[in-house]
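Okay, so here's the structure we're looking at.
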Amino acid sequence: MTGRRLVPGDPASVAALATSARATARDLERVLPPLLEAALPTEAPRRAARDLARRRDLLGEATTTGREELAHVGDILQDHAGQLADDLHALRSLLERGTRAGLVLEGTRWRPDWGITGTVDPGAESRVEETRAALQRETEVILHRAARRRAELGQALRGSTTRLAGAAADLRHG
């Protein structure tokens, strides 16, 4: 069993996505203001000029929302990548400890590894059971924490999607 199967995700890929989102937010911040400040046609009738100005303002608001959401999503993805890396490292450490103790992780449960085992130490069996129980508790904590973080990430992304959809709707109906 590997940690990647228990805690899905690739920290490097998530971090790369975070970097891309934040870079796009910076590009929008740099490129769009000059475009929005472009002069309105001077020969346009007053009513058309007001309509164009209103649409320009709506575009500016929608773009600001988009930029802010990209930056926010980049930040939460970067945090998630770090937490994911920590969880995978913790699981690898548990797997190493379990292997040294003669245990194997099957699914999400620790059990004694197959093979002939034996010792002249009468307390060895109880120490292996104590180790198994401790590893099981630590594994469950990591899995629960990783699942909670994935759910929080999903909720944050859904919230961002909702805010972007609202900005797009405002722009369409503006």
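The values are calculated or read from the model by the stated rules, or taken from the named source; none is laboratory data. These numbers come from a predicted model, not from an experiment. Using ideal geometry, Cβ is built from the backbone for each residue, glycine included, and neighbour counts are taken over all protein chains shown. To get the accessible areas, we keep the full protein, side chains included, count just its heavy atoms, and leave off ligands, DNA and RNA. Shrake-Rupley method; radii C 1.70, N 1.55, O 1.52, S 1.80 Å.
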>> If I go through region 55-83 residue by residue, how many of them are in contact with a Gly (Cβ under 7 Å, 6 or more places away or on another chain) and either at pLDDT 90 or above or open to solvent by 60 Å² or more (accessible area, probe 1.4 Å) (or both)?
In response: 1
> So which residues in region 39-54 are open to solvent by 60 Å² or more (accessible area, probe 1.4 Å) and in a helix (DSSP H, G or I)?
Replying inline: 46, 47, 50, 52, 54
> Are any residues in region 150-174 touching an Asp or Glu at 6+ places or on another chain (Cβ under 8 Å) and either basic (Lys, Arg) or open to solvent by 90 Å² or more (accessible area, probe 1.4 Å) (or both), and if so, which ones?
Replying inline: 163, 170
> If you go through region 66-88 one residue at a time, do you hit one that is part of a helix (DSSP H, G or I) and without any contact (Cβ under 8 Å) to a residue 12 or more places away in the chain?
Replying inline: yes
